[in-house]
Amino acid sequence: MIEFLKQPWAWYISGPLIGLMVPLLLIIGNKVFGISSSLRHICAACLPAKIPFFSYEWKKEIWNIVLVAGILIGGFIATQLLLNNQPVQINPKLVTELSGYGITDYHSLVPAQLFNFQQLFTLKGFILIVVGGFLVGFGTRYAGGCTSGHSIMGLSNLQLPSLIATICFMIGGFIMANFVLPFILTL
Amino acid sequence: MTKKTTIQNKEINTDFEVRSLDADFNNQQTTKEPWWSHIKYLVTGILFGIILVKTEVISWFRIQEMFRLQSFHMYGVIGSAVITGIISIQIIKRFNIKTLNGEKIELPRKQFSKGQIYGGLLFGFGWALTGACPGPIFAQIGTGALVMIIALLSAIAGTWVYGLIQEKLPQ
């Protein structure tokens, strides 16, 4: 059993499990699945600065912050107990492309050669980590949700705005990954 | 219309008015819960974090594969999650399933705004750069990629700046 759990999980196992988060949260506490709103609640709790967007009773949404704390702990548990230390298996075409940028280490899910504290102080690392992170926080709030709130929760509830948002996430990612990122990786 | 209402209410903005303006408030529960009931959400988060790591959707490599159309994996995960979600919500609606507290489950409708297009594109850029959406950033930190704490702080800063200039952006 443990050996089975240590393998990377196939999409047809993990996808339905992720989908079940939607009814699980609704049934255990009438909570709507969504993650990016937690960033807004953190702002409201730590630095509201009298901005109307952050002036609300954030304490009612503490559950959302508890949920993301759980995700962090889950990531830790999975890595410590359930990882088999095999390199990430990806399409050989991508392996060839990335080796051209000197990326050859597939032992961690987050590429250790790109995402580390030394890289943070280079232009490439700054763009990937700081600019990328900023766009994630700004973009999800502007869009009113992220992959969980729109792509999973919103689509599950057949909401057209969520479909539009999801298509735009994909277009944005497609443009960045194919046309801009190759240049950034050469920096 | 919404924009005007926000400005007029700035001085007397009650919690209810802010809440009625958007769908960021995911707590639909009307009864108060004791503090220890948060353990439910902690456990749910832990399960979600384990799934995200084990299926590698938090991997920058997997995200690059997805956006280059080189693997079905990510599409399979998101697609089957959505199908499961649709079926679950239909079951909840048809059979009028209640919460553990006996409350009726009501799902908020999402309002269309231009933000879904502009914000969606900006988030897409960030997703391809960091290899993370908001949920996975937390899981990535958990896997030991501590530099992603900086990405998280930057994402919080991005959210804060959005809140600051929100009224000036096309909605």
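Data table
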| quantity | calculated |
| --- | --- |
| Among (1) assigned to a helix (DSSP H, G or I); (2) facing chain A (nearest Cβ under 7 Å); (3) without any contact (Cβ under 8 Å) to a residue 24 or more places away in the chain - the single one B:GLU56 does not satisfy | (1) |
| Which listed residue is part of a helix (DSSP H, G or I), of a type in the set (A, V, I, L, M) and touching a residue at least 60 places away in the same chain (Cβ under 8 Å), from B:ALA151, B:ALA132, B:ALA139 | B:ALA139 |
| Filter result for A:GLU57 (free of Cβ contacts under 8 Å to residues at least 60 places away in the same chain, within 7 Å of chain B (Cβ to nearest Cβ) and surrounded by 19 or more Cβ atoms within 10 Å (Cβ to Cβ)) | no |
| Qualifying residue in the stretch A:15-33 (condition: in a loop (DSSP other than H, G, I, E, B), more than 15 Å from B:LEU152 (Cβ to Cβ), more than 7 Å from every other protein chain (Cβ to nearest Cβ) and open to solvent by 40 Å² or more (accessible area, probe 1.4 Å)) | no |
| Single condition A:GLY70 does not satisfy, out of (1) open to solvent by less than 40 Å² (accessible area, probe 1.4 Å); (2) part of a helix (DSSP H, G or I); (3) over 21 Å from B:SER154 (Cα atoms); (4) not charged (D, E, K, R) | (3) |
| Residue in the stretch B:69-91 that is touching a Lys or Arg at 6+ places or on another chain (Cβ under 8 Å) and over 24 Å from A:PHE4 (Cα atoms) present | yes |
| Single condition A:PHE169 does not satisfy, out of (1) within 7 Å of chain B (Cβ to nearest Cβ); (2) out of contact with any helix residue (DSSP H, G or I) (no Cβ under 7 Å at 6 or more places or on another chain) | (2) |
| All positions within the stretch A:136-187 that are under 19 Å from A:VAL32 (Cβ atoms) and of a type in the set (Gly, Ala, Ser) | A:ALA143, A:GLY144, A:GLY145, A:SER148, A:GLY149, A:SER151, A:GLY154, A:SER156, A:SER162, A:ALA165 |
| The stretch A:73-85, subset more than 7 Å from chain B (Cβ to nearest Cβ) and touching a residue at least 12 places away in the same chain (Cβ under 8 Å), residue most open to solvent (accessible area, probe 1.4 Å) | A:ASN85 |
| Flag for A:PRO87 being modelled with pLDDT under 95 and in contact with a Ser or Thr (Cβ under 7 Å, 6 or more places away or on another chain) | no |
| Criterion: farther than 30 Å from B:GLN171 by Cβ and either more than 7 Å from chain A (Cβ to nearest Cβ) or open to solvent by less than 20 Å² (accessible area, probe 1.4 Å) (or both) - qualifying residue of B:THR44, B:THR84, B:THR130, B:THR143 | B:THR44 |
| Scope the stretch B:92-113; condition open to solvent by 100 Å² or more (accessible area, probe 1.4 Å) and more than 7 Å from chain A (Cβ to nearest Cβ); matching residues | B:LYS93, B:ARG94, B:PHE95, B:LYS104, B:GLU106 |
| Single residue of A:GLY125, A:GLY133 found to be surrounded by 23 or more Cβ atoms within 10 Å (Cβ to Cβ), in a helix (DSSP H, G or I) and not assigned by TED's automatic domain parsing to the domain that holds A:LEU17 | A:GLY133 |
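The values are calculated or read from the model by the stated rules, or taken from the named source; none is laboratory data. Everything quoted here is computed from the prediction, not taken from an experiment. Positions of Cβ are generated from backbone atoms using ideal geometry, with glycine treated the same way; all protein chains shown enter the neighbour counts. When the accessible area is computed, the model is the full protein with side chains, heavy atoms only, and any ligands, DNA or RNA have been set aside. Shrake-Rupley method; radii C 1.70, N 1.55, O 1.52, S 1.80 Å.
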